[in-house]
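The values are calculated or read from the model by the stated rules, or taken from the named source; none is laboratory data. Source: prediction; values computed, not measured. Neighbour counts run over all protein chains shown; Cβ positions are idealised from the backbone, glycine included.
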Amino acid sequence: MALLRLKMRPILILFAILIAAGFTVLLLRPRSARAAMLNVGDDAPNFSAEAIAGDQIISLRLLDYRGRRVILYFYPKDSTPGCTREACAFRDGYAKLQNLGITVLGCSVDGPDAHRAFAKRHSLPFPLLLDPDKRIAKAYGADNGIPILGLDKRVTYVIGEDGRIAAVYPQVDPATHVAQIIHDFEAAQAHPAALPAATSAPASPVQSPQQDRDIE
């Protein structure tokens, strides 16, 4: 038995080295290998996607919300502690956000069953986008926030009525994030030049004849 352990030791050491090397490559991979995050003033990439709204699967396009402000928030995984706090904060602040003329869309790599259970368990009133191939996350530079797990990073974009990025929140504290967004928008109402004026359009999407071109 001792001889067997002695023979196995080099193999185990080699295996450990290979695992460590894999982690190092992932952690030190150049940022250029990942999609860059968008900046304020950039055009928001348009997309068409299915989403979970309540217990239903719906189809939506970002262009359908043109003329409204949109919060598009990316998060790593349904039903994890931080993501649950963040989603519930958006739920609790949803009425105030709507009064400010803001629509909320959540996005992660989770599948329809996970999204449906997450939305039902916490009574989420906003759609959760289905992005299994990370097309949307890649377009917004939100993919591979946790590379070894393939999960999205936690980042929020505010898209203005004109379809451009109006604000970016790259460092998100799930406990205070929504309150910060509401504070920023209420402050902007006192200084309209800071952000585009809120729209009085209804909460339901408005159809646009423009075609979705940015993400096929």
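Does ARG85 meet the test of being farther than 18 Å from PRO132 by Cβ, in contact with a Ser or Thr (Cβ under 8 Å, 6 or more places away or on another chain) and not in a loop (DSSP other than H, G, I, E, B)?
no
When you scan segment 165-216, how many residues do you find that are part of a loop (DSSP other than H, G, I, E, B) and either touching a His at 6+ places or on another chain (Cβ under 9 Å) or modelled with pLDDT of 50 or more (or both)?
11
Working only within segment 59-78, note down all residues that are acidic (Asp, Glu) and at pLDDT 95 or above.
ASP78
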Q. More than 15 Å from the chain's Cα centre (by Cα) and either part of a loop (DSSP other than H, G, I, E, B) or acidic (Asp, Glu) (or both), is that true of PRO125?
A. yes
(Q) For the structure I just gave you, tell me whether TYR73 is touching a helix residue (DSSP H, G or I) at 6+ places or on another chain (Cβ under 8 Å), buried (at least 17 other Cβ atoms within 10 Å of the Cβ) and either in contact (Cβ under 8 Å) with a residue 12 or more places away in the chain or closer than 20 Å to VAL155 by Cβ (or both). (A) yes
**Q.** Residues of segment 147-174 satisfying the condition of being among the acidic types (Asp, Glu) and surrounded by fewer than 20 Cβ atoms within 10 Å (Cβ to Cβ)
**A.** GLU161, ASP162, ASP173
(Q) Among the residues that make up segment 41-60, is at least one of them of a type in the set (D, E, K, R), closer than 21 Å to ALA179 by Cβ and in contact with a helix residue (DSSP H, G or I) (Cβ under 9 Å, 6 or more places away or on another chain)? (A) no
Q. Of all residues in segment 134-165, which are under 20 Å from ALA89 (Cβ atoms) and among the small types (Gly, Ala, Ser)?
A. ALA142, GLY145
Q: Output the residues belonging to segment 78-107 that are of a type in the set (Gly, Ala, Ser), surrounded by fewer than 17 Cβ atoms within 10 Å (Cβ to Cβ) and over 17 Å from the mean Cα position of the chain (by Cα).
A: ALA95
Q) Hey, among the residues in segment 37-74 that are in a strand (DSSP E or B) and of a type in the set (Phe, Trp, Tyr), which one's nearest to VAL109 (Cα to Cα)? A) PHE74
Q: From (1) part of a helix (DSSP H, G or I); (2) under 19 Å from ILE159 (Cα atoms), pick out the condition that doesn't hold for VAL104.
A: (1)
